[in-house]
Amino acid sequence: DEAKAKTKTNPAGSSPLIFLNEPLIKSTFTADPSAHVFGDKIYIYPSHDVESHAVEDDTGGHFNMEDYHVYSMESPDAEVIDHGKVLGVADVPWAKRQMWAPDAAERAGKYYLYFPAKDTADIFRIGVAVSTSPTGPFKPMDEPIPGSFSIDPAVYKDNASDYYMYWGGIWGGQLQKWRTGVYHSTSDSPYADEPAGHEPAISPKVAKLSEDMTTFSETPRDVVILGADGEPIKAGDHERRFFEAAWMHKHEGTYYFSYSTGDTHKIVYATGDSPYGPFTYKGVLLAPVQGWTNHHSIVKVRNQWYLFYHDTQLSGKTHLRNIKMTPLEHLDNGDIATIYPVSH
Ligand code: FUB
């Protein structure tokens, strides 16, 4: 299937990486794909991009999404099934607009959809909605998760019953406005309230979830990302500092924390020995894609790791994206082979 698969040699010297580089869904726009295996099926929880004609700016106002759909696949090569709308902004009492990148988790036969949205004060919070099925529909809690803020929740299950939420995003994701522990905004500019370039970069956050999966069991902690010199990465280091799109996976006992560098458009990763970090920066796992944003998830399906990501192949517009998937390789030395997406 030549149109579907393209190869590109990885400069690190591993075998060629295969690109299933056709959009997984063509009937609507999808982005920020969080993929999981529940039971023996793949479930994908993406953002649902729409054209709302909102002005494009660096706060991400043009990402004006209103609902979520869930998708499933029997196997990596199977047809993608759309399970329809599972949650809309009008269903969520506290949310006003901008339903951004979601994630999901399963615990004891219940499924939890985690999602960021702006509240009535235009402050991003993280909400949770519950279902007895991975395909919803999901019933939202009346309030956001107490103590939650900013965007891009990613919930990682460690061992049998420890669940950690990672989250955050700077600029439009507002993480820079929470540096004092409360929301503090000196201006509406997405560049205000950032540290100076020589200061440590803003850290994404992590908190363990309570057994109820709808609250944090601890005060959120900083996810510290260090350079090879053991020093925290600096705010001015836009090639490596955290921007948004946190994800966690574990391979052979090592925790891999991956994220987007935002304005340098890469997905990079850092490794550590604990789900709390600190993590040491390692390198790029996905080079820039077509479109401004880069956002991914990493999931193991029957002994093969896959990267889910998005680009703008179908629309050519940054806010109208389409999700894709491709195999991901861990090299023998623990590094991840860089994926160079094939753009059309
Ligand atoms: O989809 C809206 C936002 O764009 C996400 O929350 C970010 O990660 C970026 O992909």
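The values are calculated or read from the model by the stated rules, or taken from the named source; none is laboratory data. Remember, predicted model here, so these are calculated numbers, not experimental data. Please note: Cβ atoms are built from the backbone with ideal geometry, for glycine as well, and neighbour counts cover all protein chains shown.
Annotations
- Any hit, the stretch 70-81, residues being surrounded by 23 or more Cβ atoms within 10 Å (Cβ to Cβ) and in a loop (DSSP other than H, G, I, E, B): no
- The numbered conditions (1) exposed (fewer than 15 other Cβ atoms within 10 Å of the Cβ); (2) modelled with pLDDT of 95 or more; (3) assigned to a strand (DSSP E or B) are all true for residue 26 except (3).
- A residue that is assigned to a loop (DSSP other than H, G, I, E, B), at pLDDT 95 or above and out of contact with any His (no Cβ under 6 Å at 6 or more places or on another chain) occurs nowhere in the stretch 154-167.
- Any hit, the stretch 93-107, residues being free of Cβ contacts under 8 Å to residues at least 12 places away in the same chain and more than 15 Å from the ligand (Cβ to nearest atom): no
- The listed residue being within 20 Å of residue 257 (Cα to Cα), in contact (Cβ under 8 Å) with a residue 60 or more places away in the chain and away from the ligand (no atom under 16 Å from the Cβ), out of 183, 156: 156
- Condition check for residue 58: more than 21 Å from residue 28 (Cβ to Cβ), touching a helix residue (DSSP H, G or I) at 6+ places or on another chain (Cβ under 8 Å) and in a loop (DSSP other than H, G, I, E, B): yes
- Tabulated pairs, the stretch 219-240, first touching a residue at least 60 places away in the same chain (Cβ under 8 Å) and part of a loop (DSSP other than H, G, I, E, B), second surrounded by fewer than 17 Cβ atoms within 10 Å (Cβ to Cβ) and not charged (D, E, K, R), C-beta under 8 angstrom, 6+ apart or interchain: 219/147; 220/147
- Selection status of residue 134, within 21 Å of the chain's Cα centre (by Cα) and outside any strand (DSSP E or B): yes
- Contact map, the stretch 300-328: residues that are under 30 Å from residue 57 (Cβ atoms) and of a type in the set (Lys, Arg) paired with residues that are part of a strand (DSSP E or B) and more than 13 Å from the ligand (Cβ to nearest atom), Cβ distance under 8 Å, separation 6+ or inter-chain. Pairs shown: 324/20.
- Taking the criterion of being hydroxyl-bearing (Ser, Thr, Tyr) and outside any strand (DSSP E or B), the only residue of the stretch 82-128 that qualifies is 120.
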